[in-house]
Amino acid sequence: MAAAPHSSVDQFILETRGLTKQFKGFVAVSNVDLRVRRGEIHALIGPNGAGKTTFFNLLTRFLTPDGGQILYCGEDITLARPAELARRGIVRSFQMSAVFPHLTVLENVRIALQRRLSSTFHFWKPASSLAVLDARARELLAQVDLAGFAHTRAVELPYGRKRALELATTLAMAPKLMLLDEPTQGMAHEDVDRVTALIRQAAAERTVLMVEHNMQVVARIADTITVLQRGKVIASGRYAEVARDPQVMEAYMGSAEAALAGAPA
């Protein structure tokens, strides 16, 4: 039966219900209920040890939950394999830049695009067989301001440009839901501004869930913020709401406005 108008499936692309993960008795993620609204940038924040990375690892099936459910577009994906999630449109980036360092920028994006070919990842074929992907690869590079670096080896890129390349390879996978893990970590100010603008641009056609420590970035682009502390959700809502929440103030050991302007990693 088709979903009713304005049902939760229409509104929310991702939902977790009571998601829980323990490590030898330590509860890293505790009964987390989270809803990510379609078309939004949703930021997941919290102090060190809050469970943010563990939560991401559960969503992408790098870890198996001990309890709870993960729903994507209304379907239970709790036990789905990582490759299946990618095929469904859930694509993740990582804290550390994950590109092929000795391939060119264009080649990195072209590899990400190969999944669309019937001969996906037939690496023994000549490179010329992949030329059909070049036009789309160059479009993606232009989107992330890397058009002038197409023939530069990834290892030679400045750090901020490597993260932009990773964003291009993520976009090449045609995601419906992008999971970005610390997308501005370790960047200089100018790179932060560039990547922040790219995330906002990418989110125009898809949903973004991101873990981010730079609260200035979160304040500028996040539609919804969820705060984790010791594996539990302590607040969720718009920036102004979360900034005034007493539990958030306590979690960051100071005023919420100060914390959300530059919370510790």
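The residues packed around T53, meaning those with a beta-carbon under 15 Å from its beta-carbon, carry a net charge of +2 if Lys and Arg are +1 and Asp and Glu are -1. What the phi angles of segment 205-211 give under the Karplus curve with 6.51, -1.76 and 1.60, with θ = phi - 60°, is a coupling list of 10, 7, 9, 10, 10, 9, 8 Hz, glycine and proline written as x. Measuring r between the beta carbons of Q201 and A86 and using R0 = 25 Å, the FRET efficiency lands at 0.70. The gain in end-to-end length when the A174 to R238 segment is fully stretched comes to 20.3 nm, 0.36 nm per residue minus the alpha carbon separation. Distance between the pseudo-spin-label points of D76 and Q143 (7 Å out from Cα toward the beta carbon): 3.4 nm. In order along segment 152-157, the Karplus-derived 3J(HN,Hα) couplings, from 6.51 cos²θ - 1.76 cosθ + 1.60 at θ = phi - 60°, round to 8, 5, 4, 4, 8, 6 Hz, and Gly and Pro are given as x.
Compared with the direct C-alpha span, the chain from L103 to H189 gains 28.3 nm at full extension, assuming 0.36 nm per residue.
For the residue pairs K162/K232; K52/K162; K24/K232; K52/K176, alpha carbon separations beyond 27 Å are given by K162/K232. The modelled label-to-label distance for the pair S8/D33, using points 7 Å beyond Cα in the direction of Cβ, is 0.8 nm. Taking amide H as placed 1.01 Å from N in the peptide plane, F12 has its amide H under 5 Å from the amide H of R38, each at least 5 places away in sequence or on another chain.
Only the coordinates and a few stated rules stand behind these numbers; no lab work does. Remember, it's a predicted structure, so these values are computed and weren't measured experimentally. Quick reminder, even Gly has a Cβ in these numbers, built from the backbone with ideal geometry, and neighbours come from all protein chains shown.
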